[in-house]
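Each reported figure results from applying straightforward, stated rules to the coordinates on display, with no laboratory input. Everything quoted here is computed from the prediction, not taken from an experiment. Every residue, glycine as well, gets a Cβ built from its backbone with ideal geometry; the counts of neighbours run over all protein chains shown.
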């Protein structure tokens, strides 16, 4: 009888410990991404916004390409993106300044990060950062700029012949978003 009580007590303690660690792990999660997407490509390579809009309208990617979709909005089980500024951008962000920032201009980068840091929407919610799309001949690069003034730009690239597939853009955007420093 004593051994059954001890076993039962040990099971309860173990279960409580497991639940506690799971809950504390979730408590530190920053939640869905709040992002700005902006294409800073020069003509004739300005296809990023069109591709992102098409991707955002999809429920899921075609089965032969990928079963999960980071940016798709139609899926009922997609909680990755909370807010995405795709059609409009926060006041003060500038394509020209972002181009300078990705080319190494530290003052332009700090200026754009200050805009991101100060931005809040009508609900009082800010953004985690901006995903900057740059299509140049032969490759597409996604730069990430978080809202922390002074943090460095991160980038991820993919070679292309003419344009990205939706699945390739989705993968690049997800990998780029992972590089953002996010507040809990």
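Does a label point 7 Å from the Cα of residue 117, set along Cα-to-beta-carbon, have any residues of the range 144-164 with amide nitrogen under 14 Å, and which are they? Under 14 Å, as judged by backbone N against the label point of residue 117, lie 146-152 of the range 144-164.
Of the peptides 157-169, 125-137, 89-101, the ranking by mean beta-carbon count within 10 Å, highest at the top, reads 125-137, 89-101, 157-169. Over what distance in Å are the Cα centres of the range 112-156 and the range 165-184 separated? If we compute the Cα centre of each part, the gap is 11 Å. By the count of neighbouring beta-carbon atoms within 10 Å, fewest first, 183, 147, 34 end up ordered 183, 34, 147.
As a proxy for reagent exposure, ranking 121, 105, 170 by other Cβ atoms within 10 Å from fewest up yields 121, 105, 170. Stretching the chain fully between residue 106 and residue 42 yields a gain of 20.9 nm (0.36 nm per residue, less the alpha carbon separation).
Under Stokes-Einstein, with the Kirkwood radius over Cα pairs standing in for Rh, what whole-number D in µm²/s applies to the range 67-184 at 10 °C and 1.306 mPa s? Answer from the Stokes-Einstein relation: 105 µm²/s.
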